[in-house]
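The values are calculated or read from the model by the stated rules, or taken from the named source; none is laboratory data. From a predicted model like this one, the values you see are computed outputs, not experimental measurements. Virtual Cβ from ideal backbone geometry, glycine too; neighbours counted across all protein chains shown. Remember, those area values only see protein heavy atoms, side chains included, never the ligands or the DNA or RNA. Shrake-Rupley method; radii C 1.70, N 1.55, O 1.52, S 1.80 Å.
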Amino acid sequence: LILLTYLYKYARLYIKKALVHSKIQTVDEFAFLITLIMTPDLTKSALFAKTITEKTSGTEIIKRLRERGLVEEYKNEINKKNVYLRLTPLGKSELLQVMPNMQLVTEIVSGTLSEFELKFMHQVLTKLEKTHNSIYLDDRDDNLEQIHQKIIS
């Protein structure tokens with residue numbers, strides 16, 4: 001677990017460098033924007049679920065992105081009660097501008113892994129993400145023992 005913590009901290013350091021000249025200031029803001037470009041027109045709740053973000057933190061992130069003109073809220077013509085989010089042209093431009101640096105971060109974090117190791121790591125991380133996303137969406141209120149039972153059974 002400690003090695004994952006260290007790797008996350010290294011990645012965060014590199015991401016800060018990648019975003020230094022951008023209106024996008026944090027990895028969470030980047031995650032929101034990249035999710036919105038890949039899956040347009042999400043509700044706030046759907047965005048929070050996709051990015052594994054608590055409502056309070058997510059609301060603050062959206063507030064900052066809106067203040068900087070990177071995202072906007074709107075109501076759908078069909079379902080007027082839900083509020084949706086989308087990238088603004090500035091948000092899309094900022095995101096596309098940082099993508100080369102974020103690709104460099106990906107390559108730096110991958111370190112000296114071979115192509116085989118990278119593919120294997122991707123498979124392992126995908127499997128872990130699927131397991132934990134299911135828990136996050138359906139069982140996050142369970143205690144550790146209950147979560148552990150679901151994983152080992």
For this session: Express the Stokes-Einstein translational diffusion coefficient of the chain in µm² s⁻¹, to the nearest whole number, given a Kirkwood radius over alpha-carbon pairs, 20 °C and a viscosity of 1.002 mPa s.
Result: 123 µm²/s
Problem set entry | Size of charge dipole - the chain - debye, nearest 20, with Cβ of Lys, Arg +1 and Asp, Glu -1, no other charges | 440 debye
Exercise. Is the range 1-51 best put as rounded, prolate or oblate by its Cα gyration tensor, with a ≥ b ≥ c the root eigenvalues, rounded for a/c under 1.5, and otherwise prolate when a/b is larger than b/c, oblate when not?
Worked result: oblate
Problem set entry | Part-to-part distance (alpha-carbon centres) for the range 69-144 and the range 44-65, which is given in Å | 12 Å
Problem set entry | Heavy-atom accessible surface of the range 43-96: percent carbon and sulfur, 1.4 Å | 51 percent
Exercise. Counting other Cβ atoms within 10 Å of each Cβ, which trypsin sites (Lys or Arg not before Pro) in the range 1-99 have at most 14 and sit in a DSSP loop?
Worked result: K80, K81
Exercise. So what is the relative contact order for the chain, in percent, with contacts set as C-alpha pairs under 8 Å and at least six apart?
Worked result: 23 percent
For this session: For the pairs K16/K92; K81/K130; K17/K127; K23/K80, note any where the Cα-Cα span goes beyond 24 Å.
Result: K81/K130; K17/K127; K23/K80
Exercise. For the range 30-119, with every protein chain kept in place, what is the accessible area per residue (1.4 Å probe, Å²)?
Worked result: 63 Å²
For this session: Would you look at the GNM of the chain, springs on alpha carbons closer than 10 Å, and say which of S22, S134, S57 moves the most?
Result: S134
